[in-house]
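Reading through the structure tokens given below for one structure.
The values are calculated or read from the model by the stated rules, or taken from the named source; none is laboratory data. Remember, it's a predicted structure, so these values are computed and weren't measured experimentally. Here Cβ is always computed from backbone atoms with ideal geometry, including for glycine, and neighbour counts include all displayed protein chains. We work out accessible area using only protein heavy atoms, side chains counted, and drop any ligands, DNA or RNA first. Shrake-Rupley method; radii C 1.70, N 1.55, O 1.52, S 1.80 Å.
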Amino acid sequence: MESNGGGETFADRLDYLFSIAGYHDAQNRWRNFSTGEVADLISQSDDTYHVKLSRSYLGMLRSGRYSNPSIAVVIALVRFFNDRRPEGYPEISVDWLASGVPGPKDSTLANKELSPLADQQVRQIAMRAGKMTPELRSQLIAILDMMDGKK
């Protein structure tokens, strides 16, 4: 996925996912999902995606007006598009959608099932990070990178 398309911004990568993912309609024609369809399908499947996503918020992410979604939203989008990517397309990683950087296959969160406790902890971390200043978020990312041995 990482080398086949996308772009430099979150909006570019998200729009690329909309351009490749879709479904066959009643006449067996390939249809791409609309912004509203994706938001509705994710929001209606809270047990699968664990987030509520409004049409307007997803539209603003897609247009680039908003460019810093929570990790919970990124994970939900990756899960959604991985389940609906055309045959032969590689798996989409959280790293790629969030930052454009391809991540190792075994580090993708898209297909890992999180335990309820881990999922709750991820949400708590994401919610707290969302309230931080950009400088504090950068420091948190640097700490996490050190813990992962990336720097």
Completion exercise
Compactness check, segment 1-101: C-alpha Rg relative to the 2.2 N^0.38 Å globular estimate gives 1.00
Fill in the blank from the handout: FRET efficiency (T9, Y57; Cβ distance; R0 22 Å; to 0.05) is 0.85
Handout entry: 11 Å beta-carbon shell around Y23, net charge (K/R +1, D/E -1)
Key = 0
Handout entry: Label-point separation, W30 to Y89 (7 Å along Cα→Cβ), nm
Key = 0.9
Exercise for the section: Please work out how much length the chain gains when fully extended from Q44 to D145, using 0.36 nm per residue of separation minus the C-alpha to C-alpha distance, in nm with one decimal. Expected result: 33.0 nm
Handout entry: Where L136, L53 fall by accessible area, highest first, once all protein chains stay in place (1.4 Å)
Key = L136, L53
